[in-house]
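The structure under discussion appears below in the form of structure tokens.
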Amino acid sequence: PPETQIDVRAAAQEVLRRVFGYEQFRGDQAEIVTHVASGGDALVLMPTGGGKSLCYQIPSLVRSGVGVVVSPLIALMQDQVDALRALGVRAGFLNSTQGFAERRDTEQAFLAGELDLLYLAPERLKVESTVRLLDQGEVALFAIDEAHCVSQWGHDFRPDYLLLSELHKRWPDIPRIALTATATEATRAEIATRLDLADARHFVASFDRPNIQYRIVPKNNPRRQLLDLIRTEHDGDAGIVYCLSRSSVEDTAQFLVDNGIPAVPYHAGLDNRTRAANQSRFLREDGLVVVATIAFGMGIDKPDVRFVAHLDLPKSVEGYYQETGRAGRDGLPSTAWLAYGLQDVVQQRKLIDASEGDEAHRRRLGQHLNAMLALCETVECRRGQLLNYFGQSAPECGNCDTCLTPPETWDGTVAAQKLLSTIVRLDRERNQRFGAGQIIDILLGKRTDKVTQHRHDQLSTFGIGTELKDTEWRAVVRQLLAQGLLKVEGDYGTLHLTDTSPAVLARQREVMLRRDPERAARPTRTAST
Ligand code: ADP
């Protein structure tokens, strides 16, 4: 009935002010909080920094009993609980990092009704004693944070999340709220099915982050390019730099330090103390750059991160969105900058081919990569493409590289034909497959050792591509990959035709390509590959 809704809303407003010290709810928060506090189920999609935590914290305080929050972010539970306690909220957590005594104290507090919020690692639910514990206490609601982890085909699947389908079966009357900052429409549907939230109210906030400027540039000398970015636009700013491997994290951090930029590394190979120390320095100090693998950042709430830079290609658009989303949570202008090159595609492909799991799983990873490539090579608005991916439409952007300096396009049909026919010839006439480096050398008519050794200078396509430079050919290859007209496979990153490439060779299909900007930054050609 409406009267109770009004009461609930007033109670929520009161908690917002008294406990959290905020005057007003943001966006859909008021609706969500009222709905859940009144006993309804909810599925919430809200970008990073949107304020998801209050959506379950306030209903937990308004309802009687304890709000049980399932989260995969074990490393952050202590911080989250400390932050709540500082506000006077009675919070605790149960996870594998605890000693026996600490766990027992938390359990007793839960049973005695002396907790408002209890954070739980998902694998705890495997343990029968946890289930019994929840039965014996009074649960106000279940909050499922990072709900996309339940999606088997998403980019961050965690098997323990499948256990959460049991929550509703076992406790049908307790309201549930699932939250995520990243989900395509397909993932969202999967979350709803797996968590039995089909009848829940869905709250989908706009994923647009208007203060973030998206830029994707061709990679030539990534550390130099990064240094330029920091010196010219982000001197003295806090930022996150993502690299794929631990060693490149270390090297890049050292490179920045050597060049006078305060920077620390962060990856899973560092010991816990160093990791924790680097993280807390990043949170506390001004203008520190953290160079990290994607192990860093989940749940990090630093409002004034002015730039997020990727030196390697993210594995998926979801990952890219989530990582770049850590910039500019305070709403002030921020930069999301990515440098990517052909080698990234080869490397990612290699990782996918070597990954565990069945063929369908690898195919899905391939689709994630292809969507990321398409974003990199688009001539359209990046923001538009990004939001589109999440099933949303984009507002006027004007704040991404393709909007600010629209890329020139050119008819690359002939270039594509030259490249594809070189691959076809090698395959048909010689039964050979090569990577981009060799194919480009053939097109450029370079008599390298590897070319003469394989007698590739005898091919009819030898030297037919001198109108483009090496870097331009690399851009052609990248874009053909992004358009699905070419694929790369195996440990050596060999190039292969796809189902759609014959149409280009048969002149049935035009290929429009973008011209890489920043001609001045073009590196000089190296002797051979
Ligand atoms: P998310 O989990 O969606 O990334 P958080 O819940 O961590 O976001 O909230 C992001 C920041 O916004 C936090 O610092 C939080 O305190 C602040 N915040 C959330 N809701 C409000 C509000 N209604 N008014 C003011 N600040 C808010």
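So if each residue of separation counts as 0.36 nm, and I subtract the Cα-Cα distance between residue 126 and residue 73, what length gain in nm does that give?
Value of the extension gain: 17.4 nm.
Order the peptides 73-86, 117-130 from the highest to the lowest mean number of other Cβ atoms within 10 Å of their residues.
Packing order, densest peptide first, comes out as 117-130, 73-86.
How high is the relative contact order of the chain, in percent, with contacts defined as C-alpha pairs under 8 Å that are six or more residues apart?
12
Using just the alpha carbons, could you tell me how many Å³ per residue the convex hull of the range 399-529 encloses?
Values: hull volume 16.5 nm³, N = 131.
Taking only Cα atoms, the range 399-529 has a hull volume of 126 Å³ per residue.
Quick check: net charge around residue 242, other residues with Cβ under 13 Å of its Cβ, Lys/Arg +1 and Asp/Glu -1? Show your work: numbers first, answer last.
Details: positive: 246, 315, 326; negative: 312, 323, 344.
With Lys, Arg at +1 and Asp, Glu at -1, the neighbours total 0.
Using the Cα atoms of the range 287-333, I'd like the radius of gyration and the largest Cα-Cα distance, Dmax, both in angstrom.
That works out to 10.4, 28 Å for Rg and Dmax.
Have a look at the DSSP beta bridges in the chain and tell me what percent are antiparallel, nearest 5.
Numbers: 8 of 57 bridges.
Bridges in the chain are about 15 percent antiparallel.
What are the extents of the Cα atoms of the range 177-301 along their three principal axes, listed from largest to smallest and rounded to whole Å?
Computed over the Cα atoms, the extents are 56, 34, 26 Å.
With N residues in the range 1-147, what two-decimal value do you get for its Cα radius of gyration over 2.2 N^0.38 Å? Please report the intermediate quantities before stating the final value.
Numbers: Rg = 15.0 Å, N = 147, 2.2 N^0.38 = 14.7 Å.
Taking the Cα Rg and dividing by 2.2 N^0.38 Å, one obtains 1.02.
Using the Kirkwood formula over every pair of different C-alpha atoms, what hydrodynamic radius in Å results for the range 430-492? Don't skip to the end; give the middle numbers.
Numbers: mean 1/r = 0.0812 Å⁻¹.
The Cα-based Kirkwood calculation yields 12.3 Å.
Mind checking the alpha-carbon convex hull of the range 303-421 and giving the volume per residue in Å³?
Taking the convex hull of the Cα positions in the range 303-421, it is 143 Å³ per residue.
For a footprinting-style exposure proxy, rank 56, 320 by other Cβ within 10 Å, fewest first.
320, 56
With the convex hull built on the Cα atoms of the range 120-218, state its orientation-averaged projected area in nm².
Average projection, Cα convex hull of the range 120-218: 8.4 nm².
Considering the Cα positions of the range 374-452, please state its Rg to one decimal place and its Dmax as a whole number of Å.
My reading of the Cα-based Rg and Dmax gives 18.8, 54 Å.
What are the ³J(HN,Hα) couplings of the range 188-193, residue after residue, when phi is run through the Karplus curve with 6.51, -1.76, 1.60 and θ = phi - 60°? Round to Hz, x for glycine and proline.
For the range 188-193, the Karplus curve yields 4, 4, 5, 4, 4, 5 Hz.
Could you tell me, in Å, what Rg and Dmax come out for the Cα atoms of the chain?
My reading of the Cα-based Rg and Dmax gives 26.0, 86 Å.
Restricting things to Cα coordinates, could you compute the convex hull volume per residue of the range 84-156 in Å³? Before the final figure, lay out the partial values.
On the way: hull volume 8.7 nm³, N = 73.
Roughly 119 Å³ of hull volume per residue.
In deg cm²/dmol, rounded to 500, what helix-only [θ] at 222 nm does the chain give when every DSSP H run of at least 4 residues adds -39500 (n - 2.57) and the total is split over its residues?
Helix contribution divided over all residues of the chain: -13000 deg cm²/dmol.
Which lysines, on any chain, are close to residue 315 with Cα under 22 Å apart, when same-chain ones fewer than 8 places away are left out?
Once the sequence-local lysines are set aside, what remains near residue 315 is 219, 350, 487.
Of all the C-alpha pairs in the range 121-164, what % are more than 12 Å from each other?
Every Cα pair in the range 121-164 considered, those over 12 Å come to 64 percent.
If you bin the C-alpha pair distances of the range 1-87 every 10 Å from 0, what whole percents do you get?
Result, from short to long distances: 16, 50, 30, 3, 0 percent.
Would you mind giving the average projected area, over all directions, of the Cα convex hull of the range 188-237 in nm² with one decimal?
Its average projected convex-hull area is 6.5 nm².
Quote the Stokes-Einstein diffusion coefficient, in whole µm² s⁻¹, for the range 237-306, based on the Kirkwood radius over alpha carbon pairs, a temperature of 20 °C and a viscosity of 1.002 mPa s.
In µm²/s, the coefficient rounds to 181.
Each value in this text was obtained by applying a stated rule to the coordinates, not by laboratory testing. It should be emphasised that the depicted structure is a prediction, and the values quoted were computed from it without experimental measurement. Every residue, glycine among them, receives a Cβ derived from its backbone with ideal geometry; neighbour counts consider all protein chains shown.
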